[in-house]
Amino acid sequence: MRCDSLTTGSRALDEVLGLGLPSLVLVHGGKGADRSTILRAAAISYAAGCGRAMLASTGSWGDASTLGGLPQDALDRLVLIRLSDEGSVVAASRAFALLDFGLISLDNASDLLEVSRAAAPRSYISLSLSRAASRRGAQSLVSLSGGPSRIRGYDYWWPFADLIVRLDELEGPVRRASSARGAALFRISGGSISDL
């Protein structure tokens, strides 16, 4: 999945995420940490310069204008899936397993409990993402809500996680990301990510 043009917009953040490495990365943080912005930026960057990417979410897509400036070939390589019921969770899991995605961003994964009360679809989706990383060299980024003491939905993901990244909102547009790979300060303003 090596791709030199892959970036969130902040090289320091990319390093903390291990962006571009085959892995299942859990990204968590409180409200205002901009998890969705980071996952969306990674998926768009991969589709624009590297290959096929998927952005799956239980929530809204946020600001759709972030897709408006993409060239048609990038839009053709970006698959958007809304996880709205148990069937869509199972279908997305099958897509992860069968299609050749280089990067998969699963946003609002903590909210899968509201989409499907059964444990099987949630376990299936986490296992599918883990297999995509280990068997095909894809990278999966999964956002979970909650603070450091209790990450909501963590129990379905920790057995498969290669890296856990904590996001913190600092002052104004400044954010901090930390993981076993180190820590980074970066800025998110108007949906754009940049180094400080």
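Just so you know, all these numbers are worked out from the coordinates, no wet-lab data involved. None of these values were measured; they are calculated from a predicted model. Note that each Cβ is placed from the backbone with ideal geometry, even for glycine, and that neighbours are counted across all protein chains shown.
Points worth noting:
- Sorting 44-52, 94-102, 79-87 by average packing, meaning the other beta carbons within 10 Å per residue, from highest down gives 44-52, 94-102, 79-87.
- Three-way shape call for the chain based on the alpha-carbon gyration tensor, with the a/c threshold at 1.5: rounded
- Annotation: amide H-H contacts under 5 Å for V165 (H modelled 1.01 Å from N, sequence separation of 5 or more, or interchain): L26, V27, H28.
- Overall form of the range 75-118 per C-alpha gyration tensor (a/c, 1.5; a/b vs b/c): prolate
- Summing Cβ point charges (Lys, Arg +1; Asp, Glu -1) relative to the Cα centre of the range 11-195 gives a dipole of roughly 340 debye.
- Relative contact order (%) - the chain, alpha-carbon pairs under 8 angstrom, separation at least six: 33 percent
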